[in-house]
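The values are calculated or read from the model by the stated rules, or taken from the named source; none is laboratory data. Small disclaimer: the values here were computed from a predicted structure and weren't measured. All Cβ positions, glycine included, derive from the backbone under ideal geometry; neighbour counts span all protein chains shown.
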Amino acid sequence: MGEAEKIAVALGRMFPGLCEVVLHDLRDPRHAIRAIENNLSGRRVGDSATELGLARIADPEYPSVLQNYPNQFPDGRPAKSTSIGIKNTQGEFIAALCLNLDVSVLSSVTLALANLVATDSEHPGQPLETLRDRNARELRQTVETLAAERAGTPRSLSRADKKALVRQLHGDGYFDSRDAAQTIADLLGVSRATVYNYTK
């Protein structure tokens, strides 16, 4: 636990004013917070575990990593969070390292970048041309990129995000390639039939 605390402190100090890092000791859920660095939520050492911590205590099969999920600080500021469960040799969760990024700090930067990359076109909607090859390697890279834009990996996406991703690929003409549906199915961790259902 002491080594995990060092990691929490180092990560928090790397992103001052931007990312809160909290180490939870799940062996004592009523006083779970062992360390909190770059405090943005107003919590204190000794405060209780969150719902995720309690879920991990109750279920050893609970996902070890939950990455880039939407969250909110008590004062309403939006956050993006990642929670990493830490197990003992018996496979039981004993701790969790949580990172809470203050998204509001980046809002002005996001707006500036959105304006920078915006385009004007007399032909809105579909692009006039496709500047990429449609081979399997390119398809795989495209799926991974689209998943990253949705803050996840292909297999970790929700059903709705997978469906939206497949529809985008279908609209971009990727299903014209041989074995494209099977490649997409393998990447998303679903059946080929499911991929075709997502296109409807």
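In table form, for the structure just shown:
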{"item": "Near pairs, Cβ below 8 angstrom, 6+ apart or cross-chain, from segment 27-51 (without any contact (Cβ under 8 Å) to a residue 12 or more places away in the chain) to any residue that is outside any strand (DSSP E or B)", "result": "none"}
{"item": "Residues located in segment 7-23, provided they are within 15 Å of residue 84 (Cβ to Cβ) and more than 20 Å from the chain's Cα centre (by Cα)", "result": "7, 10"}
{"item": "Candidate set from segment 101-115 (those that are of a type outside the set (S, T, N, Q) and assigned to a helix (DSSP H, G or I)); member that is nearest to the chain's Cα centre (by Cα)", "result": "103"}
{"item": "Residue in segment 150-184 that is surrounded by the fewest Cβ atoms within 10 Å (Cβ to Cβ), counting only those that are of a type in the set (A, V, I, L, M) and within 17 Å of residue 135 (Cβ to Cβ)", "result": "180"}
{"item": "Yes/no for residue 190 being farther than 18 Å from residue 141 by Cβ and without any contact (Cβ under 8 Å) to a residue 40 or more places away in the chain", "result": "yes"}
{"item": "Count of segment 156-192 residues which are touching a Pro at 6+ places or on another chain (Cβ under 9 Å) and of a type in the set (A, V, I, L, M, F, W, C)", "result": "4"}
{"item": "Residue satisfying condition, being over 21 Å from the mean Cα position of the chain (by Cα), surrounded by 16 or more Cβ atoms within 10 Å (Cβ to Cβ) and among the charged types (D, E, K, R), within set 34, 44, 56", "result": "34"}
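Residue-wise test of (1) assigned by TED's automatic domain parsing to the domain that holds residue 150; (2) touching a strand residue (DSSP E or B) at 6+ places or on another chain (Cβ under 8 Å); (3) under 27 Å from residue 157 (Cα atoms).
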| site | (1), (2), (3) |
| --- | --- |
| 6 | no, no, no |
| 21 | no, yes, yes |
| 34 | no, yes, no |
| 45 | no, yes, no |
| 52 | no, yes, yes |
| 58 | no, no, yes |
| 68 | no, yes, yes |
| 79 | no, yes, yes |
